[in-house]
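The values are calculated or read from the model by the stated rules, or taken from the named source; none is laboratory data. Everything numeric here is computed off the predicted structure, so don't read it as measured data. Neighbour counts run over all protein chains shown; Cβ positions are idealised from the backbone, glycine included.
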Amino acid sequence: MPEANEKTVIELKNVSKVYQMGEVEVSALKNINMKVEMGEFVVVMGPSGSGKSTLMNLIGCLDIPTEGKIFLETHDISKLSESQLARIRGSRIGFIFQFFNLYPTLSVIENVELPMRIHNYDERKIRGKSLELLKMVGLQNRNDHLPSQLSGGEMQRVAIARALSTEPSMILADEPTGNIDSKTSQEIMQFFKKLHTEKNETIIIVTHDQSVAKYAQRIIHLKDGQIKEGG
Amino acid sequence: MRFRYILKLSAESFMQKKLRSWLTILGIVIGVAAVVSILSLSTGTQQIITSQLGGLGADIVTVSPGFNRASGMFGGGGSGGGPEGGGGGTASSITEDHNLTTRDLAAIKSVPGVKAVDGMISDRLAISYLAHSATLSVEGVDPLAWKEMTTSSLASGRYLTPGDGNVAVIGSRVADGVFKQAVLLNSQITIEGKPFKVVGILESSGSFGGTDNAIIVPIDAARTVIESVAPTHFSSIQVQVQDANSVNQTTNDISSKLMLVRHVNDNTKDFTVSSAQSIQQSISSIMGTLSLFMAGIAAISLLVGAIGIANTMFMSVMERTKQIGILKALGTTNFEVMQLFMVESAIVGLIGGLLGVFVGFIVSGIIGEIGVSVIGNLGPRGGSMSLTAITPELVAFAIGFSTMLGIVSGLLPARRASKLQPTAALRYE
Ligand SMILES: Nc1ncnc2c1ncn2[C@@H]1O[C@H](COP(=O)(O)OP(=O)(O)O)[C@@H](O)[C@H]1O
Ligand SMILES: [Mg+2]
């Protein structure tokens, strides 16, 4: 067993990821060891192609490593069935993506409600909770709009509200500022900071954006699929 | 994810691509409508045949002269116009009408299982009533035996009784639709110039072999006006069997016995023994084969519709790859993703089935209308029956079947959706 205590949210041990592209093998991550404790604000920095998205997919249990082990809280994810993993991933991790990935046919408030509906939350509590979250991200007047009617910054705020709806143990964001202008980026980052300081949320952000680094408590530098510093 | 929410997401996806959904549904509608109208046509005609032949009585066997070698069934008509069913061009005696004799009658009486026998003669004769005349079928019957066997009930008056002289019982249309004035009970009609007193008027039977157009008189009186039948001959012999369940057996026994006394074999047979059941069975079997064949063709169009559903669903899975990725990232299991797509294709099947039944209903209504006007009234008042019949079983079957079809067609696309890797799905643009 790992030396993880109850405060460890995620731990990677000797993790490698190799993509098979026909005949060619692409080694995206090489022997990664890292651990994130509850309440940390970690930024993974690295140039394009360094393996950040691959790392984020593994941390988020969206993909499985070619080698090594991943522990989410106390679960060894390689020991979970497909449906157990889906449930844990969806309820314990709040995802925020570069391209927002809001569900296009659902309204703003329905998007925030979606994870709670997937995880069979009490029907009577869902609406109240999502109204509260939308108010928190400052979008209380846009409940019935479709995602396509919002700006990039607004969509990302909906995504944040959605990520928080199941009260996950960590927020995992891949290039959250990658598709919005720099002024809005700073607003979004201020928001993450507020979540961290006021709500003690565990936040992991993967980015190549230097301006994001200053919000971090700890920075992990990734290069050519290896951790250079901060792991 | 609760099933209610799966339903909501599926219905929304269905509504999103309206035109394509409706085109897919159209494929199912056509198939279901074709199957429904064909099956309803066959059910309807079967019902008509059953009810029309019901007029003959389940326990009645008719022996008539002549034998049709082509079908072996329809030779000889009933008691109406002379049988046209002779032929086949074998022995000359085969085509001779009215050649059943008192000897045949006696032979039939001796067959076990026979309860009563009625030797009948009939011809179309000139009838007049209050200076108005018409040519109608006159049947001479054994009063006692006829009363036993007839399925017609009296509207007024009485049946014939032994000892009756020149009296007649007339069908409802003779009473009401042939002459200028309605023929009243106890009035007098003339048959070939001889006076007959009307002692009974029958209820309308509205079926084949019915008596609506007939004038029934005692056979002795009939022989004084019908000259086309020799004194010891009959136009047909009606036989009542003791047990309606053994009609087929008794039919065979009568046939064997008559072949013996008439010195004929299977090749030279010159008479036909038929029962309502045997006629109905052979018509039903022909109709059954025909409608099975047509339903088979309709089923092919349903198959094409099913392929249409599968095709649309595969496209839908492709287009919604990203949505599937989002759902999976947020915790939706493979099985739930599968349900999401299966429900959508089931909706297509269900709506296709509902609309298909509706269109089938209209189409079979039109077929019914055209059919009735082409075939005309089957039997005197047969027009009131529809040529087609849509039963609740047919509706339930059609809707259930097309929903199943939707589910089955959605199986492979749904499986593909459920097996998508979340990372690959999220990368998809
Ligand atoms: N699904 C994949 N199949 C093959 N190669 C991949 C796949 N995903 C990423 N890679 C490769 O792995 C390396 C790391 O990619 P990625 O994790 O996306 O980096 P980053 O997010 O830092 O830009 C790159 O060389 C990329 O081409
Ligand atoms: Mg990336």
Quiz item: Looking at A:Gly231, A:Gly152, which is the one that is within 16 Å of ligand 1 (Cβ to nearest atom) and surrounded by 14 or more Cβ atoms within 10 Å (Cβ to Cβ)?
Solution: A:Gly231
Practice problem: Residue by residue through the range B:322-344, note down the ones that are in a helix (DSSP H, G or I) and either at positive phi or in contact with a strand residue (DSSP E or B) (Cβ under 7 Å, 6 or more places away or on another chain) (or both). | Solution: B:Ala329
Quiz prompt | Counted residues, the range A:17-50 - those being within 12 Å of ligand 1 (Cβ to nearest atom) and more than 30 Å from A:Lys199 (Cα to Cα) | solution = 17
Exercise. Examine the range A:29-44 for a residue that is surrounded by 18 or more Cβ atoms within 10 Å (Cβ to Cβ) and within 14 Å of another protein chain (Cβ to nearest Cβ), and state whether such a residue exists.
Key: yes
Quiz item: Does the range A:191-213 include one or more residues that are touching a Leu at 6+ places or on another chain (Cβ under 9 Å), more than 14 Å from every other protein chain (Cβ to nearest Cβ) and in a helix (DSSP H, G or I)?
Solution: yes
Quiz item: Only one residue in A:Ser16, A:Ser50 is more than 14 Å from chain B (Cβ to nearest Cβ), farther than 14 Å from A:Ile204 by Cβ, outside any strand (DSSP E or B) and touching a Lys or Arg at 6+ places or on another chain (Cβ under 9 Å), so which one is that?
Solution: A:Ser50
Quiz item: Looking at the range B:133-161, which of its residues are under 24 Å from B:Ser228 (Cα atoms), touching a residue at least 40 places away in the same chain (Cβ under 8 Å) and not in a helix (DSSP H, G or I)?
Solution: B:Ala134, B:Leu136, B:Ser137, B:Val138, B:Glu139, B:Gly140, B:Val141, B:Asp142, B:Leu160
Exercise. Restricting attention to the range B:252-278, report how many residues are more than 16 Å from B:Ser236 (Cα to Cα), under 22 Å from the mean Cα position of the chain (by Cα) and at pLDDT 85 or above.
Key: 0
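Across the range B:1-22, which residue is farthest from the chain's Cα centre (by Cα) among those that are in contact (Cβ under 8 Å) with a residue 12 or more places away in the chain and more than 13 Å from chain A (Cβ to nearest Cβ)?
So the residue we want is B:Arg20.
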Quiz prompt | When residues of the range A:12-55 are limited to those that are aliphatic (A, V, I, L, M) and within 13 Å of ligand 2 (Cβ to nearest atom), the one farthest from A:Glu82 (Cα to Cα) | solution = A:Met45
Quiz item: under 35 Å from the mean Cα position of the chain (by Cα) and more than 14 Å from chain A (Cβ to nearest Cβ): does that describe B:Ile362?
Solution: yes
Quiz item: Is the range A:56-63 home to any residue that is on the phi < 0 side of the Ramachandran plot, away from ligand 2 (no atom under 16 Å from the Cβ) and out of contact with any Gly (no Cβ under 8 Å at 6 or more places or on another chain)?
Solution: no
Quiz item: Given the structure, is A:Ser81 among the small types (Gly, Ala, Ser), away from ligand 1 (no atom under 16 Å from the Cβ) and closer than 30 Å to A:Gly138 by Cα?
Solution: no
Quiz prompt | Residues of the range A:113-146 satisfying the condition of being within 11 Å of chain B (Cβ to nearest Cβ) and assigned to a helix (DSSP H, G or I) | solution = A:Glu113, A:Leu114, A:Pro115, A:Met116, A:Arg117, A:Ile118, A:Glu123, A:Ile126
Quiz item: So which residues in the range B:250-282 are among the β-branched types (Val, Ile, Thr) and assigned to a loop (DSSP other than H, G, I, E, B)?
Solution: B:Val264, B:Thr268
Exercise. Those residues that are more than 9 Å from chain B (Cβ to nearest Cβ), among the hydrophobic types (A, V, I, L, M, F, W, C) and either over 19 Å from the mean Cα position of the chain (by Cα) or more than 21 Å from B:Arg2 (Cβ to Cβ) (or both), I need them from the range A:98-112; list them, please.
Key: A:Phe100, A:Val108, A:Ile109
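Could you tell me whether B:Gly331 is small (Gly, Ala, Ser), in contact with a helix residue (DSSP H, G or I) (Cβ under 8 Å, 6 or more places away or on another chain) and more than 14 Å from chain A (Cβ to nearest Cβ)? It would help to see each step written out before you state the result.
Numbers: small (Gly, Ala, Ser): yes; in contact with a helix residue (DSSP H, G or I) (Cβ under 8 Å, 6 or more places away or on another chain): yes; more than 14 Å from chain A (Cβ to nearest Cβ): no.
So B:Gly331 does not fit the description; no.
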Quiz prompt | Every residue from the range A:70-97 that is surrounded by fewer than 18 Cβ atoms within 10 Å (Cβ to Cβ) and more than 10 Å from chain B (Cβ to nearest Cβ) | solution = A:Glu73, A:Thr74, A:His75, A:Asp76, A:Ser78, A:Lys79, A:Leu80
Quiz item: What about A:Ile188, is it of a type in the set (A, V, I, L, M), within 14 Å of chain B (Cβ to nearest Cβ), within 15 Å of A:Ile204 (Cα to Cα) and more than 16 Å from ligand 1 (Cβ to nearest atom)?
Solution: no
Quiz item: With respect to A:Gly60, is the statement that it is in contact (Cβ under 8 Å) with a residue 12 or more places away in the chain, closer than 28 Å to B:Thr333 by Cβ, in contact with a Leu (Cβ under 8 Å, 6 or more places away or on another chain) and away from chain B (no Cβ under 14 Å) true?
Solution: no
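A quick yes/no check of all residues on (1) hydrophobic (A, V, I, L, M, F, W, C); (2) modelled with pLDDT of 90 or more:
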| position | (1), (2) |
| --- | --- |
| B:Arg124 | no, yes |
| B:Tyr159 | no, yes |
| B:Val169 | yes, yes |
| B:Gly177 | no, no |
| B:Leu185 | yes, yes |
Quiz prompt | Leading residue by the ranking (nearest to B:Ile237 (Cα to Cα)) among those in the range B:279-300 that are surrounded by fewer than 18 Cβ atoms within 10 Å (Cβ to Cβ) and among the hydroxyl-bearing types (Ser, Thr, Tyr) | solution = B:Ser282
